[in-house]
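Below is one structure, written out as C-alpha cells; the observations come after it.
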C-alpha cells in the first residue's frame with residue numbers, strides 16, 4: 001500500500017480590503033446625496049449624476065487615503081481623515097438647503113471629532129516611528 005497525501009487544492013483569494021470599503025462607502029454616499037437633494041420631488045438626471053459623481057469622488061478619496069495615507073505621519077494623517085469626513089458631511093448638509101454657516105459648522109465639528117478620534121487611534125496603535133506596534 002502506498003501512502004501519499006493528496007495535493008492541496010489551490011484557492012485563489014481575492015483581497016477586498018483595498019477597494020471593498022471605498023466602493024461600499026461610495027455607493028451608500030452616492031445613493032444618499034440625491035435623496036437629500038430631491039426635497040420630495042421626482043428624480044431627475046441631474047440628481048442621478050450628482051449621486052454618481054459624489055459617490056465616485058468619495059470612493060476615490062477614501063481609497064487614496066487608505067492606500068497612501070501610511071506615508072504621512074500620524075500628525076498629518078489624522079487631519080486628512082478629519083477633512084474628508086468634514087467635507088463629506090458639510091456637502092450633504094448643504095444639499096438639504098441649509099445655510100452656509102450651519103453646513104460649515106457641522107462639517108467643522110465632524111472634522112474635529114474625526115481628527116481627534118483618528119489621532120488617538122493612530123497614536124495608540126503605532127510606535128514612535130509610525131510603524132504598527134508589535135503585540
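A short reminder: the numbers here are calculations on the coordinates, not readings from a lab. Note that this is a predicted model, so its numbers are computed, not measured. Cβ sites come from the backbone with ideal geometry, for glycine too, and all protein chains shown count toward neighbours.
The simple Förster model, with R0 at 35 Å and r as the Cβ-Cβ distance, assigns residue 41 and residue 102 a FRET efficiency of 0.95. Taking only alpha carbon atoms, the range 20-71 gives an Rg to Rh ratio of 1.12, where Rh is the Kirkwood radius.
Using the alpha-carbon positions of the range 14-110, Rg (one decimal) and Dmax (whole number) come out as 14.7, 46 Å.
Sorting 11, 98 by the number of Cβ atoms found within 10 Å of their own Cβ, with the fewest placed first, yields 11, 98.
Taking label positions 7 Å along the Cα-Cβ direction at both residue 75 and residue 48, the computed distance is 4.9 nm, reported to one decimal.
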